[in-house]
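Structure record follows, encoded as structure tokens.
No lab work stands behind these numbers, since they all come straight from the coordinates. As the structure is a prediction and not an experimental result, all values here were calculated from the model. Cβ atoms come from the backbone with ideal geometry, glycine included; neighbour counts cover every protein chain shown.
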Amino acid sequence: QAGLRYTDALNGEGGTEMSAGIRQALAPPIPTGALRIVTFLTDGYIGNEAEILKLIRMNLGNARLYAFGVGTSVNRYLLSEMGRVGRGFTRYMDPTEDQEKVAGELAERLQSPVLTDIQIDWGGMEVSDPSPDRIPDLFAGQSLRIQRRYGRPGAYEITVRGLVQGRPATLPLKIELPETSAQGEAVPILWARSLIGDLHYQLTTGASPSGYEAVNADALKQRITELGLN
């Protein structure tokens, strides 16, 4: 009730200043045992993508960020990247949709993560070129695509670890890796496109996956070009 009274008393005016909002949302200390959940809502076209995404990466910590775009004039690239970098998701609302229904679905989805803090133990498998570099949470009705490049074919057992309602859970998986990609010609293309997206994010923001190291723009451009040509 206190939260509702607070939001009902808010008045919006002026332009959309996303950077200030991000700093205010991610700066306050978090009570012990709590998880910060941030939802950004906008109906306008926001620019300055590089600064905003870098700011999120450097200040996110263990928080989760969800982006919510309303209408047809929003910056879909920025909002999609905000959801990805924020380890959350992005939802767009079309003007023809029922506002109450969409808001209810969003609230219900936020409070029902199936698996959080996901990590993968790759066992003896030699993997490289991860995409995404940080795994988001899994929500009901969603799927996650976790991609790596492997060095040797063969049979392996990997372990997926995470939290189910705050309690540790593990899922062992046995997988068979073929010598060539003939069994799935689309897989290398999907992996390359995803990795190019990750590299392009680094190029746009000038931030490494850790968010604290400068990147080599020429090396990134060369890597992106090679992936595209191959």
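Would you work out the charge dipole size for the chain about its Cα centre, treating the Cβ of every Lys and Arg as +1 and the Cβ of every Asp and Glu as -1, and quote it to the nearest 20 debye? It would help to have the intermediate numbers written out before the result.
Details: 23 positive and 27 negative charges, 99 e Å.
Roughly 480 debye for the chain.
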**Q.** Normalised contact order of the chain, rounded percent, pairs of Cα under 8 Å and 6 or more residues apart
**A.** 14 percent
(Q) Give me P(r) over the range 21-153, computed from all C-alpha to C-alpha distances, binned every 5 Å, as integer percentages. (A) 2, 9, 17, 19, 19, 16, 9, 5, 3, 1, 0
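With both bridge residues required to lie in the range 1-147, what share of the DSSP beta bridges run antiparallel, to the nearest 5%?
Expressed as a percentage, antiparallel bridges in the range 1-147 total about 25.
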Q: With label points built 7 Å along Cα→Cβ from the Cα atoms of Ala186 and Thr96, find their separation and express it in nm.
A: 2.6 nm
Q: At 7 Å along the Cα-to-beta-carbon direction for both Val127 and Leu163, put a label point, then send me their distance in nm to one decimal.
A: 2.1 nm
Q) Expressed as an acute angle from 0 to 90° and rounded to the nearest 10, what is the orientation of the C-alpha long axis of helix 186-205 relative to the principal long axis of the chain? A) 50 degrees
Q. Using Cα atoms only, what is the angle between the long axis of helix 49-59 and the major principal axis of the chain, expressed in degrees (0 to 90) to the nearest 10?
A. 90 degrees
Q. For the chain, treating each Cα as an identical point scatterer without solvent, what Debye log10 I(q)/I(0) comes out at q = 0.10, 0.15, 0.17 1/Å?
A. -0.56, -1.22, -1.47
Q: Once you have a ≥ b ≥ c as the square roots of the Cα gyration tensor eigenvalues for the range 93-230, tell me rounded if a/c is under 1.5, and otherwise prolate or oblate according to whether a/b is larger than b/c.
A: oblate
